[in-house]
Every structure is written in structure tokens, then in C-alpha cells.
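Written below as C-alpha cells is the structure these notes are about.
The values are calculated or read from the model by the stated rules, or taken from the named source; none is laboratory data. Treat the numbers as computed from the prediction; the structure is a model and nothing was measured. With ideal geometry, Cβ positions are generated from the backbone for all residues, glycine too; neighbour counts draw on all protein chains shown. When the accessible area is computed, the model is the full protein with side chains, heavy atoms only, and any ligands, DNA or RNA have been set aside. Shrake-Rupley method; radii C 1.70, N 1.55, O 1.52, S 1.80 Å.
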Amino acid sequence: MRYLHPENPVVARLYKNFAVNGFRKAFEGELLLWIFSLIIWFNTFGIIIKIGKDFHESSLEKLAIAQEKNSMEISFLRAQIQPHFLFNTLNSIYGLIIHNEEASKVVIQLSNLLRFSLYDSAKDHITLKEEIDFLSNYLLLEKMRYKESRVQIEYDFEQIENKEKIIKPLILINFIENAFKHGINATIKSAWIKLSMTEKDGILTFHSANNKPVAATGKKHHESTGGLGLKNVRRRLELEYQTRYSLDIKETDDVYEVSLILKL
């Protein structure tokens, strides 16, 4: 500009103040102030863009979670086939078999499972105590369903530091159902399932292990044991816990293991 407009007073003043035509000139106060002002301005502009971008991505993520919840709620509502009718029927059955201790116990536990599935699972969060009670009821029913000679079921949910910590409902049951569905139902000989859950300093660790099914030919069943249920729970973990979880699945010829760590 100085070369093109040598007589222009504005260009002359800008050239005098800001042109770097010597080593010492680069360190003069006014020029440094001008340079730092530009740096601060462009960094501020960049930060504003980054905040806007993060806000937009967060909004899209929240929208995805909302849509996912809506979809789940629709499925949940469709699955509710007159819950009051079911509970009333169970109460009637309980009245008929009240003198049969084992049968009445099964009805009570089934009623608790239904109540949780229909009502408590619709909550945004539940306590670890509620989750443990639900899983324990489910496992007690499965123990009654299978003979000990058929299935060895071991579980330990007692190593919990704070049972009032909150967790998303129906996250852990998917892994337990998967263990029963693929580890027991498809197994001809005796099967086993081992489950554990610990919580310390807000970190929940859940572990599930079961033996792999054996085909009638005696060969190992190599079909994938995850299926749609595992894909769904992975998606829920991504939406609900984002970076606050770790899921590790190991599979050998004989054993299928799941390790889940959640930051509550």
C-alpha cells in the first residue's frame, strides 16, 4: 500500500506505526500490542465458534437421547397389556396357592418383576438398591425354574459401598438375560452362570460369565451370542453414559464373559 499510494497520509501513518522494517521494530510496544490484540481477537472468535459447535452437537445428542427415549416409551406402552389385569390375576392366583409356600413365593417375585418392568423402569434413574432387588428377584425365579443339577447359578451383589447411588434402569438385566438365553437354553449338559457387582467411590463394576452352548454333535456352537439385545444395550450406554463407561466382552471356545464399568 505504501508503494502504491506514497502520498496517502493514512497509509503513511499505518506504515510508520506498524511496518516491520527492522529487527528492533518487531519488539516495539505499540506493534506488539497490535499483534496481541489480533491474536486475542481471533482466539476469542475461534472460542466462540467452538462453543457454538459444542452447543449444537450437545443439542443434537440430547435430541437423539429424547428420540431414543420416546421410541423406548412407545415400545414400553405397547408392551403394557392391561397391567392392572395382570396384577389382579396374580393376586387371585396367590389367593388360591397361598398354602403352597414355593408357588406363592414365585407369584410374589413375578409380581415384583412385573411392577418394576411396568412402572419403575419408566423412571429416568433408580437406586442401586432397586436395581439389585430387581436382578435378585429375576435370578431367584430362574433358580426355581432350573434344577441345580442342570444349572449352577452364583451371584454376589453385596459388595456395594452406597446403595443409594443412581443408575439407569434395565441396563444390567440385558447381560444376565443374554447369559441365560445363550448359555443355558442352548446347552444340553449342565451349565453355569457367575455374576458379580461391586461399587466403590461411585464406580460400578459388573461382571458376567457363562459357559458356551454345545451342539448335539458335541462341537462348540460358534454362532454369535450377542444379537440384537447386546446392540441395543451398547447403544443405550453410548447415549446414557457416553464416555463414562467401559464395556469389555471376551469370548473363548468355552466361556463368554462381560465386564462393564460405569461411572455413576
Name the residue that is modelled with the lowest pLDDT, counting only residues in the range 168-187 that are small (Gly, Ala, Ser) and surrounded by 21 or more Cβ atoms within 10 Å (Cβ to Cβ).
Gly183
Looking at Glu130, Glu73, Glu101, Glu148, can you tell me which residue is within 21 Å of Leu237 (Cβ to Cβ), at pLDDT below 80 and not small (Gly, Ala, Ser)?
Glu73
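Residue by residue, here is whether (1) in contact with a strand residue (DSSP E or B) (Cβ under 7 Å, 6 or more places away or on another chain); (2) at pLDDT below 90; (3) closer than 23 Å to Lys62 by Cα; (4) among the aromatic types (Phe, Trp, Tyr) holds:
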position: Lys189; (1), (2), (3), (4): yes, yes, no, no
position: Leu195; (1), (2), (3), (4): yes, no, no, no
position: Asn210; (1), (2), (3), (4): yes, no, no, no
position: Ala216; (1), (2), (3), (4): no, yes, no, no
position: Leu239; (1), (2), (3), (4): no, yes, yes, no
position: Gln242; (1), (2), (3), (4): no, yes, yes, no
I need a count of the residues in the range 16-40 that are modelled with pLDDT under 80 and open to solvent by 100 Å² or more (accessible area, probe 1.4 Å).
9
In the set Ile126, Ile160, Ile153, the lone residue that is closer than 21 Å to Ile108 by Cβ, open to solvent by less than 30 Å² (accessible area, probe 1.4 Å) and more than 18 Å from the chain's Cα centre (by Cα) is Ile153
